[in-house]
Amino acid sequence: MAAATTPSVPSAHPAPERVAVVGAGMVGLATAWFLQERGVEVTVIDREGVAAGASWGNAGWLTPGIATPLPEPAVLKYGLRAVLSPTSPVYVPPSANPDFLRFVTGFTRHSTMTAWKKAMGALVPVNDLSLASFDLLKDGGVDAETYEAKSFTAAYRTAEERQTLLEEIEHIHASGGDITFDVLSGDEARAVEPALSENIGAAIVLHGQRFINPGAFVAALADSVTARGGKIVTGSAVTSITDTATGVVVTNDFGQAEQYDAVVVATGAWLGKLAKEFGVKRVVQAGRGYSFSVEVEDLPNGPVYFPAARVACTPVGDRLRVAGMMEFRKPEAALDQRRIGAIVESARPLLKGADLDHRQDEWVGSRPCTIDGLPLIGATRSSKVFVAGGHGMWGITLGPVTGRLLAEQIVTGSTPDELRPFNPLR
């Protein structure tokens, strides 16, 4: 595979021959796959199974055009009363946990236009490589489809509501992002997507985006890793990583230990548990999202987004996956039926012909969020321990490019320019 970047000064460490990847979601498996491309023997370890976390039930969007930092000025508009409501699209339950308070304080501090523009500038270079990285997986034998979004529709009740995204697109363009779009009336939008209700009065259709069935794609990626000689070990949680003179020792909850040349921690919202002792001090907070699937009379041609309600819809097979919420709670907390109800009531007046009262596949998953909206990718204080996580809502879109660039860094000892803003020790 051709190098994606201009290398920096190489490390004195030899290229690792055996690497453990902790976490079998999109990010971890993509890292394992691209390490294999560079001749590395990989073992992927997950405490539950392939795509058991945030990779399974999310919206499955491959939308580099709008892969933007999560902390944004619009978040501040909700106000304290709104974010404390269990039915709010952004829910922040009261908590005295010090890490949680650090996250909320830092996240709020970064929800300014100045901070957003800086973060957006850091994301544009990896956004630009994201779809090509999916193509590399496909060309390399991963037996799963990425679907062209014949229409990617952001729909609104009013033209006034739409202005927020139009302004955001201007800022994306100013940061170097490449995105083309059409501005439509409600009637024009319904001609494109009949599933939109009469309450939709304005829309934007984005071009050049894609989508996937995330669970199926990640499963196919896992199959490719094993077909190429990699091991995937599930049902075993990694409890410690020890840096030694000759490698890293990975110990599981059964007390079993094995040595590797290097390890990648890609455990999503749990990343901090293993990475903290290697100098990764940034809080990775679970931003939990919910989804379910329904039958719909007119299955959309591509994703449909209701930004004002923070509801995302994606055709998955012959059903429509409806997803939403950003709930800052512990990742292991049980599914809260109130969140499902809030999504249903938000979507009901906006979708036509959707059987929202007969839902299947109700799901909650924890997106790993950082205070500045940028992922943590790269080497830690140990030259043998790497991390890959904190992508917020964009772990699916940016998973393959993360694995591609991180594999380059691990094998060559050079940090790709695109990864520099995501230094885990920042």
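The values are calculated or read from the model by the stated rules, or taken from the named source; none is laboratory data. Please read these numbers as outputs of a predicted model, since none were measured by experiment. Cβ coordinates were reconstructed from backbone atoms using ideal geometry, including for glycine residues, and neighbour counts include every protein chain displayed. Note: accessible area is taken over every heavy atom of the protein model, side chains too, but ligands, DNA and RNA are not part of it. Shrake-Rupley method; radii C 1.70, N 1.55, O 1.52, S 1.80 Å.
Taking the stated definitions as given, is A334 surrounded by fewer than 18 Cβ atoms within 10 Å (Cβ to Cβ) and among the aliphatic types (A, V, I, L, M)? It is true that A334 is surrounded by fewer than 18 Cβ atoms within 10 Å (Cβ to Cβ) and among the aliphatic types (A, V, I, L, M). Could you look through region 317-334, keep only residues that are modelled with pLDDT of 95 or more and hydrophobic (A, V, I, L, M, F, W, C), and pick out the one that is nearest to A216 (Cα to Cα)? That would be L320. Looking at E332, E327, just one residue is over 20 Å from P71 (Cβ atoms) and out of contact with any Leu (no Cβ under 7 Å at 6 or more places or on another chain), and that residue is E332. With respect to the conditions (1) within 28 Å of V19 (Cα to Cα); (2) without any contact (Cβ under 8 Å) to a residue 24 or more places away in the chain, G230 falls short on a single one, namely (2). Selection of first residues in region 92-120 that are farther than 13 Å from I172 by Cα and open to solvent by 50 Å² or more (accessible area, probe 1.4 Å) and of second residues that are of a type in the set (S, T, Y) and modelled with pLDDT under 90, restricted to Cβ pairs under 9 Å at least 6 apart or on distinct chains, gives the following pairs, ordered by first then second residue: L101/S95.
Name the single residue, out of those in region 182-212 being within 23 Å of the chain's Cα centre (by Cα) and not aliphatic (A, V, I, L, M), that is surrounded by the most Cβ atoms within 10 Å (Cβ to Cβ). If we take residues in region 182-212 being within 23 Å of the chain's Cα centre (by Cα) and not aliphatic (A, V, I, L, M), then F211 is surrounded by the most Cβ atoms within 10 Å (Cβ to Cβ). Of the residues that make up region 56-63, is at least one modelled with pLDDT of 95 or more and closer than 25 Å to F254 by Cα? No, the conditions are met nowhere in region 56-63. In summary, strands (runs of 3 or more DSSP E) completely within region 249-360 and bearing 2 or more residues that are farther than 30 Å from I377 by Cβ occur at 285-294, 304-306, 319-328. Within region 112-128, the set of residues being over 14 Å from L419 (Cβ atoms) and in contact with a Pro (Cβ under 7 Å, 6 or more places away or on another chain) comprises T112, M113, A115, W116, A119, M120.
Residue-wise test of (1) farther than 14 Å from N58 by Cα; (2) within 19 Å of the chain's Cα centre (by Cα).
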{"site": "P300", "(1), (2)": "yes, no"}
{"site": "P307", "(1), (2)": "yes, yes"}
{"site": "V311", "(1), (2)": "no, yes"}
{"site": "F328", "(1), (2)": "yes, yes"}
{"site": "A333", "(1), (2)": "yes, no"}
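Just a yes or no: is a residue in region 342-357 surrounded by fewer than 17 Cβ atoms within 10 Å (Cβ to Cβ), at positive phi, modelled with pLDDT of 95 or more and not acidic (D, E)? Yes, there is a match, as at least one residue in region 342-357 is surrounded by fewer than 17 Cβ atoms within 10 Å (Cβ to Cβ), at positive phi, modelled with pLDDT of 95 or more and not acidic (D, E).
Of all residues in region 131-160, those that are within 26 Å of A308 (Cβ to Cβ), buried (at least 16 other Cβ atoms within 10 Å of the Cβ) and of a type outside the set (F, W, Y) total 6. Looking only at region 134-144, decide whether some residue is over 20 Å from the mean Cα position of the chain (by Cα) and closer than 27 Å to C313 by Cα. For region 134-144, residues over 20 Å from the mean Cα position of the chain (by Cα) and closer than 27 Å to C313 by Cα: present. Exactly one of these conditions fails for V90: (1) over 30 Å from I232 (Cα atoms); (2) at pLDDT 95 or above. Give me its number. Single failed check for V90: (2).
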